[in-house]
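Inspection log for the structure reproduced underneath, given as structure tokens.
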Amino acid sequence: MGRTLMKGNEAMALAAIRGGCTHFFGYPITPQNEIPELFARELPKAGGLFLQAESEIAAVNMLYGSAAAGARAMTSSSSPGLALMQEGISMLAATEIPCVIVNVMRGGPGLGTIQPAQSDYFQMTRGGGNGDYRIISLAPATVQESAEMMQKAFDLSHKYRTPVFLVSDGMLGQMMEPVEFLIPPSTKPAGDQSWVLSGHQGRRPPRTIKSLRLDPAMLENHNLKLQGKYSRITRRESQFESYRADDAELLFCAFGSAARIVKNSVDDLRQNGRRAGLIRPMTLWPFPFPAFRVLPEKCKSLVCVEMSCGQMVDDVRLAAGGRVPVHFYGRCGGVIPEPAELSEYAEELIVGGAV
Amino acid sequence: MSVIFKKTAGLTETDTHYCPGCTHGVAHRLVGEVLEELGLLGDTIGCASVGCSIFSYNYFNVDMIECSHGRAPAVATGIKRTVPGKTVFTYQGDGDLAAIGTAEIVHAAHRGEHITVIFVNNAIYGMTGGQMAPTTLSGQKATTAPTGRNAELSGMPLKMSEMIAEVPGATYVERVSLHHPKYIRKAKKAILRGFTYQLQNRGFSMVELLSTCPTGWGLAPVAALEWLGNNMIPYYPLGVLKAPEEV
Amino acid sequence: MADRRGIPHIAVERCKGCGLCVSVCPEAVLSIDESRVNLKGYYPVTVESGESCIGCLSCALICPDVTFTIELLDDR
């Protein structure tokens with residue numbers, strides 16, 4: 001299969017099937033409908049099952065049951081749908097069930113809009129469900145990367161027995177780009193199966209998947225075990241792309257769709273003799289703090305660009321640790337910033353002496 | 001000499017946490033006995049719900065999964081659609097199934113999921129301390145209906161079995177009671193029938209068990225049996241609400 | 001049928017003393033033993049007049065705690 005032109009949403013769905021996904025449960029919501037539609041067409045042909053649920057709440061609980069019974073299963077939705085799924089996501093994290101959940105983000109709060117936004121950064125990195133838990137959040141910036149990260153998402157979910165978010169948005173999901181499926185289809189079984197519900201066959205004690213632990217000491221132990229896993233993930237799995245950053249005086253930080261736009265601004269600024277660069281987090285959680293450990297020698301300021309009113313900027317400020325000022329530029333409500341306005345904003349900072 | 005009754009292998013050795021005289025324990029035993037008699041203990045996955053039944057995973061000798069409040073039918077759907085060869089059941093109370101989980105139960109029935117639902121209706125929220133449920137009888141006192149259920153404020157009690165029987169995807173719906181040995185025998189037959197339909201891939205089955213809550217009702221255990229017979233059965237009539245025509 | 005004889009066995013430590021069995025026994029075989037307390041802290045059920053048991057299983061059927069094992073005495 002060579003390079004094919006397709007939408008980000010379609011690429012994610014096809015990559016999931018190639019990644020060994022056998023069960024999909026979902027509920028319609030714009031702008032992610034190409035995903036369930038493709039699964040409805042293609043998954044039965046691959047011997048899998050597509051089932052449309054009566055709500056996002058039901059979908060995430062079907063996902064829970066299916067993955068608990070050993071399937072490579074996933075769901076997808078968009079921002080308000082993800083909000084509805086939080087109860088189930090907290091359960092999936094608590095019970096350590098591997099699965100993949102796609103969020104094709106749209107503007108909020110509330111029903112907001114169907115236009116692209118990145119205002120679910122908090123929802124994708126801080127939880128939304130109850131309790132102390134973390135979810136790996138992968139953030140692609142191209143259709144090609146959407147496909148690659150989808151396949152990777154399943155492997156990560158099984159490696160750590162955790163749900164994994166794939167964080168796209170209405171722009172990435174709807175845009176068409178050439179994509180090539182470079183990672184071979186996954187055939188490997190999902191490692192340790194000792195937790196899977198399969199019926200005891202009279203050969204072992206009955207197995208229970210549960211989150212309830214009324215004894216505080218037991219629940220604390222369970223939490224500490226989860227935190228240990230989250231530390232391992234934080235140490236090993238954070239990822240970022242560094243773009244023309246080595247000698248940057250002004251260093252942008254942006255992810256996903258916003259990062260694509262920032263790249264153009266970086267090029268524009270460079271043409272005008274401004275030394276600009278970009279750090280692009282590819283994992284939102286764990287946030288790539290190592291990318292900021294040593295800032296470029298001449299870096300005078302960081303500019304966080306988001307399609308939101310400023311959420312990731314909290315992490316960027318933590319990463320900067322007060323060494324350089326952190327500025328924020330955001331558009332929200334479904335408005336996509338243009339490269340020119342970002343360049344203009346950067347020029348103003350430079351002229352104003354901030355950089 | 002022959003043993004004509006003994007504890008089923010369908011139950012674990014764990015003593016239940018249920019209050020003295022609560023007929024939840026009878027419901028557990030019947031499900032355990034049926035699964036044992038059908039030879040299904042090694043091939044069954046049960047879905048525990050939220051409420052007094054939450055610890056049912058400690059009592060059934062089968063693989064179990066804990067489900068969020070009301071979501072057991074959706075979880076059961078995911079399991080059955082993944083391992084169709086396994087027997088899958090939910091064990092839900094009336095707070096779980098008739099209030100927070102109405103969407104999930106209706107749509108699992110609607111899709112004709114090949115699962116068996118054990119619905120324990122005791123007309124009250126037991127675990128949380130005796131609050132009003134959708135199934136609480138008109139005039140019945142509860143901690144959140146201190147002067148008794150007022151139909152003008154809270155509506156009349158919901159008849160879930162009648163409702164589910166109307167859903168085209170439901171194959172078998174029967175309401176039985178646990179308040180007397182004679183009725184308990186019938187209840188077991190209904191549970192057996194529910195699981196048998198699942199084994200035959202004949203679709204969605206639900207057995208509603210009228211059950212007591214002596215603590216929540218503020219009655220002694222024996223008085224609770226009588227209260228069930230005198231008050232619940234007239235409003236929740238027993239019998240088969242839907243069943244396939246036998247050939 | 002009149003000769004049908006049952007022998008009820010009680011797992012005393014499982015009993016929660018609810019008395020449902022006592023209330024449904026047609027032959028008044030059972031009673032609550034208030035002279036002792038089991039490990040759970042309840043007055044357990046006891047066999048008061050075992051010779052009257054007809055093995056009808058009513059007690060076993062109504063018992064929420066699977067306290068009973070019933071044997072049938074073959075009467076030849």
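The values are calculated or read from the model by the stated rules, or taken from the named source; none is laboratory data. On a predicted model such as this, the values are computed, not experimentally measured, just so you know. In this analysis, Cβ positions are derived from the backbone assuming ideal geometry, glycine residues included, and neighbour counts consider all displayed protein chains. For accessibility, only protein heavy atoms count, side chains too; no ligands or nucleic acids. Shrake-Rupley method; radii C 1.70, N 1.55, O 1.52, S 1.80 Å.
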Taking a ≥ b ≥ c as the square roots of the Cα gyration tensor eigenvalues, with a/c under 1.5 meaning rounded and otherwise prolate when a/b beats b/c, else oblate, which class fits segment A:64-153? oblate
Cα shape, segment A:1-41, gyration tensor, a/c 1.5 rule: oblate
Tell me, what is the FRET efficiency for C:GLU51 and A:GLN193 to the nearest 0.05, using R0 = 45 angstrom and their Cβ-Cβ distance as r? 0.20
What whole-number distance in Å separates the alpha-carbon centres of segment A:84-118 and segment A:134-195? 15 Å
With R₀ set to 56 angstrom, the calculated FRET efficiency between the beta-carbons of C:ASP74 and A:LEU219, to the nearest 0.05, is 0.55
On the accessible surface of segment A:238-355, probed at 1.4 Å with all protein chains in place, carbon and sulfur together account for a percent value of 48 percent
Proportion of all alpha-carbon pairs of chain B beyond 27 Å (%): 29 percent
Could you rank the peptides C:52-58, A:2-8, B:171-177 by their average count of other C-beta atoms within 10 Å per residue, with the highest value first? B:171-177, C:52-58, A:2-8
Find how many whole Å separate the alpha carbon centroid of segment B:173-197 from the alpha carbon centroid of segment A:284-306. 65 Å
FRET efficiency, B:GLU245 to C:GLU34 (Cβ-Cβ, R0 41 Å, nearest 0.05): 0.15
Given H placed 1.01 Å from N in the peptide plane, which residues other than close sequence neighbours of A:THR208 have an amide H under 5 Å from its amide H? B:MET64
Full-extension gain in nm, B:THR196 to B:GLU36, via 0.36 nm per residue minus C-alpha separation: 56.3 nm
Rounded to the nearest 100 Å², what's the accessible area chains C and B bury against each other, both chains counted, probe 1.4 Å? 2400 Å²
Show which lysines lie in cross-link reach of A:LYS229 when reach means a straight Cα distance below 21 angstrom and same-chain residues fewer than eight apart are skipped. A:LYS152, A:LYS159, A:LYS210
Say each of B:SER138 and A:ARG293 gets a label point 7 Å from the Cα, pointing the same way as Cα to Cβ; how far apart are those two points in nm? 7.2 nm
Computed over chain A, the relative contact order (Cα-Cα under 8 Å, seq sep at least six) in percent reads 18 percent
Treating cross-link reach as a plain straight distance, find the aspartates and glutamates whose alpha-carbon is under 13 Å from the alpha-carbon of A:LYS225, omitting any fewer than eight places away in the same chain. A:GLU96, A:ASP132
Sort A:176-184, B:191-199 for me by packing, meaning the mean count of neighbouring Cβ atoms within 10 Å per residue, highest on top. B:191-199, A:176-184
Charge tally in the Cβ shell below 15 Å around B:ARG202, where Lys, Arg are +1 and Asp, Glu are -1, B:ARG202 excluded: 0
Net dipole in debye of chain C [+1 Lys, Arg Cβ; -1 Asp, Glu Cβ; about Cα centre; nearest 20]: 240 debye
How much accessible surface does A:SER119 have with a 1.4 Å probe, in Å² rounded to 10? 40 Å²
14 Å cut-off, amide nitrogen to a point 7 angstrom out along A:ASN130 Cα→Cβ, residues in segment A:51-89: A:86-89
Counting only other chains, and only Cβ atoms inside 10 Å, what mean value do you get across the residues of A:52-59? 5
Among all lysine pairs in chain B that are eight or more places apart or on different chains, how many have alpha carbons less than 28 angstrom apart? 29
Please calculate how many Å² of accessible area segment C:5-73 carries per residue, with a 1.4 Å probe and no DNA, RNA or ligand atoms counted. 41 Å²
For residues of B:43-50, the mean tally of beta carbons on other chains within 10 Å: 4
Would you mind calculating the relative contact order of segment B:24-242 from Cα pairs under 8 angstrom and at least 6 residues apart, reporting the percent as a whole number? 19 percent
Would you tell me the mean number of C-beta atoms belonging to other protein chains that fall within 10 Å of each C-beta in B:53-64, as a whole number? 4
Rounded to the nearest 20 debye, what is the charge dipole size of chain A about its Cα centre when +1 sits on each Lys and Arg Cβ and -1 on each Asp and Glu Cβ? 1320 debye
Given 25 °C and 0.890 mPa s, how large is the Stokes-Einstein diffusion coefficient of segment A:241-351 in µm²/s, with Rh as the Kirkwood radius over Cα pairs? 181 µm²/s
Normalised by the residues of segment C:5-73, what does the relative contact order come to in percent, with Cα pairs under 8 Å and at least six apart? 47 percent
Value of Rg/Rh across the protein assembly as shown [Cα atoms, Kirkwood radius]: 1.08
Residue-normalised accessible area of segment A:17-107, expressed per residue, 1.4 Å probe, Å²: 22 Å²
Formal net charge of residues neighbouring A:ASN103 (Cβ-Cβ distance under 14 Å; K, R +1; D, E -1): -1
Need one word for chain A: rounded, prolate or oblate. Basis is the Cα gyration tensor (sqrt eigenvalues a ≥ b ≥ c); a/c below 1.5 gives rounded, then a/b vs b/c decides. prolate
Protection proxy ranking of B:203-209, A:269-275 - average other beta-carbon atoms within 10 Å, highest first: B:203-209, A:269-275
Using a simple spin-label model with points 7 Å from Cα along the Cα→Cβ vector, what separation in nm is obtained for A:GLN52 and C:GLU13? 5.7 nm
Gain upon complete extension [A:ARG317, A:ARG204; 0.36 nm per residue less C-alpha separation]: 35.5 nm
Which residues of segment C:42-76 bury at least 40 Å² of accessible area once all protein chains are present, versus their chain alone (1.4 Å probe)? C:LEU57, C:LEU61, C:ILE62, C:PRO64, C:VAL66, C:ILE70, C:GLU71, C:LEU72
For the pair B and A, the solvent-accessible area buried on both sides (1.4 Å probe; DNA, RNA and ligands excluded), in Å² to the nearest hundred, is 2600 Å²
